[in-house]
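Working notes, structure below.
The values are calculated or read from the model by the stated rules, or taken from the named source; none is laboratory data. If you're wondering where the values come from, they're calculated on a predicted model, not measured in any experiment. Cβ coordinates were reconstructed from backbone atoms using ideal geometry, including for glycine residues, and neighbour counts include every protein chain displayed.
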Amino acid sequence: MPCPAGVNIPAIFERYNQLRVYGLKDSVQQSYAEMGRWPGNSGLAADGCIQCGVCEKKCPQNIPIRKQLAEAHEALNLQTKPYDTTEISGQLGIEKLQQRDVAALYRFYSSLSGNIIRAHRPYSWWVSAKLLLDGPFERLSAGDEYAMVIGDQGGNIWGHGFVEGLGSKKPSFAVGVHQRLLGRGWGRKLAQALLKAAEDELELEQIDAKVLASNTAGVELCRSMGFQVTGEYLDKDDGLSYLQMQKTIARQ
Ligand code: SF4
């Protein structure tokens, strides 16, 4: 039963049944918290539902899927995410990513919810410290990537945005913020800071972005900053649709 937002309805109901019938609370809550993090645990958790009702129109048994998804989420969602124990310390600000930030960036990616990982999905399904060192930090050293973070006064990172492929003809841009900052304008602030750097410091002529088509907030953010949709494609790995977007940077 395809869900346009990518909610894995069968997997959620399977976990909900395991909880109700067998009482496997710890293991199913852990597995639910990791939805979207692994190819074998793919699809969004129930809080990714955008209430479109498509699944209910197609359901031959007239199951109130949205209501049951909400009940399943209530039962399966951990109050505290297993990786998400750090508090925001003092004020938040935006700064350039430094080589010394490896551990903080690793903590940031480890604490993201499955849905944020799925929407942002910067490097792979799962981010390890080695992957960060071999990927973005190596590219920072080589001058092929420019990155900024939202940081607090305790040295924690709460958002990461970057422009990669600086040496290529198609540099691309991505921004992700922690679930605790959603709806507070920090994604926009980080994106604007990156685009300003792209214009002033990096002197780029155009910049690309790939956005999950169901991530309406991300698509709107890009549109409001001058990105236009240049194409749409289906990612065969995760079965989800992505918009290819591009912004031309005007020079004075
Ligand atoms: S109502 Fe929710 S679960 Fe059903 S198709 Fe729409 S987004 Fe997916």
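Of note:
- Checking the range 54-69 against the condition returns no match, with no residue being at pLDDT 85 or above, more than 16 Å from the ligand (Cβ to nearest atom), of a type outside the set (Lys, Arg) and on the phi > 0 side of the Ramachandran plot.
- When the residues of the range 76-119 are filtered to those that are modelled with pLDDT of 85 or more and assigned to a loop (DSSP other than H, G, I, E, B), the one that is surrounded by the most Cβ atoms within 10 Å (Cβ to Cβ) is Leu97.
For every residue, the table says whether it meets (1) modelled with pLDDT under 90; (2) farther than 30 Å from Gln99 by Cα; (3) in a strand (DSSP E or B).
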site: Ser168; (1), (2), (3): yes, no, no
site: Arg180; (1), (2), (3): yes, no, no
site: Arg184; (1), (2), (3): no, no, no
site: Leu194; (1), (2), (3): no, no, no
site: Leu243; (1), (2), (3): no, yes, yes
site: Ala250; (1), (2), (3): yes, yes, no
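- Scanning the range 212-243 for residues that are touching a helix residue (DSSP H, G or I) at 6+ places or on another chain (Cβ under 9 Å), aliphatic (A, V, I, L, M) and within 16 Å of the ligand (Cβ to nearest atom) returns Leu212, Ala213, Ala217, Leu240.
- Within the range 206-224, the set of residues being surrounded by 17 or more Cβ atoms within 10 Å (Cβ to Cβ) and over 18 Å from the mean Cα position of the chain (by Cα) comprises Ile207 only.
- Residue check for Asn41: closer than 21 Å to Ser111 by Cβ, among the polar types (S, T, N, Q) and not assigned by TED's automatic domain parsing to the domain that holds Glu232: yes
- Restricted to the range 6-53, and to residues there that are within 14 Å of the ligand (Cβ to nearest atom), assigned to a helix (DSSP H, G or I) and under 19 Å from Gln179 (Cα atoms), the residue that is farthest from the chain's Cα centre (by Cα) is Ala46.
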